[in-house]
Amino acid sequence: MVNITIITPFFNCEKIIKKHFDFHKSLTNKSNCEIIYVNDCSTDRSYRILKKNVNREKNKNIYIYSLKENHGPGIARNFAIRKSLGNYLIFLDVDDKLDLKIFYKLIEKIKKYKSDIFFLGFKKKNNPQIDLSKNKFSKKTLLEKYLRTELDMNPNFYLFKKSLLLKNKILFKKGFYEDIPFILKCFFHSKKFSYFPEKLYIKDNLKGSITNTFSEKHLISFVNSSREKFDFFNLKMKSKLPMYYQNNLQYGLRGDYCFVKKNIAKSRLKKKYHKKIINFYKKLISPNFTALTQYDKIVKEDLFSK
């Protein structure tokens with residue numbers, strides 16, 4: 001039985017793909033683990049390099065697949081979820097790595113607790129958000145803080161029970177920032193959380209990676225994530241939760257607007273999208289709030305001053 005499937009989507013990473021493979025390949029020899037790589041339609045030699053190394057190893061628990069079109073990491077992850085045999089899933093970026101010694105400790109942890117989600121410890125530079133592996137929050141507090149965008153939304157810092165995703169039809173959307181509504185749905189549907197504070201996940205954040213890029217595609221994907229978060233809350237959460245969750249959602253949406261405004265101001269997108277962004281968030285954000293923060297004041301001025 002496979003306990004954990006490690007899912008790694010990749011795109012145009014020929015300089016680092018072999019190093020990533022060589023570093024992690026031993027996991028399948030020493031544990032009930034499988035590794036799935038999904039090529040998101042790379043145009044460089046990434047797939048050929050990896051395929052050659054996978055074939056050379058002849059390891060039955062390492063698989064490589066290739067998509068015919070580029071849709072972003074979310075769709076590649078969805079493909080791997082369906083192919084996976086593991087009871088639990090870890091999403092790993094190709095420019096990151098797992099601490100191998102700590103990984104074996106995680107296997108023992110999941111055998112003992114069998115939770116829906118494990119919060120994983122991680123190493124990440126300049127991380128202002130809360131490391132959930134060190135903070136034992138109730139589900140109520142998790143949802144509050146997530147709606148307020150005060151928790152890390154990267155799906156790589158969690159271990160997910162596969163049945164949680166399949167039962168509740170939780171998958172990633174096309175594009176980027178697909179992790180925002182994905183994590184919200186996982187938190188909402190989960191019944192049991194566990195904590196694994198040892199720093200298993202090592203985040204690199206290469207220059208030019210998704211984390212450090214904000215293009216037109218990223219802009220469109222981000223505002224779509226705001227819309228999906230808003231829609232999911234109203235469809236699934238609103239009727240089951242007290243009113244203050246609505247206030248937390250609104251707080252987070254105001255932060256979303258300010259995030260977009262800041263990033264388009266630094267790019268060449270401001271002239272084309274400024275008014276469109278204002279009109280979009282006007283439909284999501286309620287004008288009935290007291291401006292207590294600098295972000296609130298920006299939203300009041302931009303969206304509701306006229």
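The values are calculated or read from the model by the stated rules, or taken from the named source; none is laboratory data. Quick caveat, the model's predicted, so the values are computed rather than measured. In this analysis, Cβ positions are derived from the backbone assuming ideal geometry, glycine residues included, and neighbour counts consider all displayed protein chains.
Could you identify the single residue in Ile35, Ile17, Ile7 that is over 28 Å from Asp116 (Cα atoms), buried (at least 22 other Cβ atoms within 10 Å of the Cβ) and under 23 Å from the mean Cα position of the chain (by Cα)?
Selected residue: Ile17, the only one of Ile35, Ile17, Ile7 that is over 28 Å from Asp116 (Cα atoms), buried (at least 22 other Cβ atoms within 10 Å of the Cβ) and under 23 Å from the mean Cα position of the chain (by Cα).
Which of the residues spanning the range 128-155 are among the aromatic types (Phe, Trp, Tyr) and in a strand (DSSP E or B)?
none
Being at pLDDT 95 or above and in a loop (DSSP other than H, G, I, E, B): is that true of Asp22 here?
So Asp22 does not fit the description; no.
Looking for whichever is touching a residue at least 60 places away in the same chain (Cβ under 8 Å) and more than 25 Å from Lys162 (Cβ to Cβ) here; the options are Ile49, Ile16, Ile110, Ile81. Which one fits?
Residue meeting the stated conditions: Ile16.
Cβ contacts < 6 Å: first residue outside any strand (DSSP E or B), restricted to the range 185-201; second residue small (Gly, Ala, Ser), any location; separation 6+ or different chain. Result?
Hits for this filter: Lys192/Ser115.
Of everything in the range 61-74, what is assigned to a loop (DSSP other than H, G, I, E, B) and closer than 15 Å to His24 by Cβ? Give them in sequence order.
Asn61
Just to verify a result, which residue in the range 284-295, among those that are under 22 Å from Asn234 (Cβ atoms) and in contact with a Phe, Trp or Tyr (Cβ under 9 Å, 6 or more places away or on another chain), is surrounded by the most Cβ atoms within 10 Å (Cβ to Cβ)?
Result: Ile285.
Hey, does the range 101-124 have a residue that's farther than 23 Å from Ser31 by Cβ and not in a helix (DSSP H, G or I)?
Yes, the range 101-124 contains a residue that is farther than 23 Å from Ser31 by Cβ and not in a helix (DSSP H, G or I).
Inspect the range 216-226 for any residue being at pLDDT below 95, outside the structural domain of Leu120 (by TED's automatic domain parsing), over 15 Å from the mean Cα position of the chain (by Cα) and not in a helix (DSSP H, G or I) and give the result as yes or no.
Among the residues of the range 216-226, not one is at pLDDT below 95, outside the structural domain of Leu120 (by TED's automatic domain parsing), over 15 Å from the mean Cα position of the chain (by Cα) and not in a helix (DSSP H, G or I), which makes the answer no.
Being part of a loop (DSSP other than H, G, I, E, B) and under 21 Å from Gly175 (Cα atoms) is the filter here; which residues of the range 25-60 pass it?
Residues satisfying the conditions are Asp40, Cys41, Ser42, Thr43, Asp44.
Being hydrophobic (A, V, I, L, M, F, W, C), in contact (Cβ under 8 Å) with a residue 24 or more places away in the chain and buried (at least 21 other Cβ atoms within 10 Å of the Cβ), is that true of even one residue in the range 54-65?
yes
Among the residues of the range 249-297, count how many are closer than 22 Å to Ser221 by Cα and not in a loop (DSSP other than H, G, I, E, B).
Qualifying residue count, the range 249-297: 31.
Pairs needed: first member in the range 122-151, under 14 Å from Gln246 (Cα atoms) and among the aliphatic types (A, V, I, L, M); second member anywhere, in a loop (DSSP other than H, G, I, E, B) and at pLDDT 85 or above; C-beta distance under 8 Å; at least 6 residues apart or different chains.
Short answer, once both residue conditions are applied: Leu143/Leu241.
Being within 20 Å of the chain's Cα centre (by Cα) and free of Cβ contacts under 8 Å to residues at least 60 places away in the same chain, is that true of even one residue in the range 261-283?
Yes, some residue in the range 261-283 is within 20 Å of the chain's Cα centre (by Cα) and free of Cβ contacts under 8 Å to residues at least 60 places away in the same chain.
Scanning the range 240-270 for residues that are within 22 Å of Ile170 (Cα to Cα) and modelled with pLDDT under 95, which turns out surrounded by the fewest Cβ atoms within 10 Å (Cβ to Cβ)?
Among residues in the range 240-270 that are within 22 Å of Ile170 (Cα to Cα) and modelled with pLDDT under 95, the one surrounded by the fewest Cβ atoms within 10 Å (Cβ to Cβ) is Lys240.
Can you name the condition, by its number, that Lys169 falls short on among (1) closer than 25 Å to Ile75 by Cα; (2) surrounded by 14 or more Cβ atoms within 10 Å (Cβ to Cβ)?
(2)
Among the residues in the range 98-110, are any of a type in the set (D, E, K, R), closer than 23 Å to Glu178 by Cα and surrounded by fewer than 13 Cβ atoms within 10 Å (Cβ to Cβ)?
no
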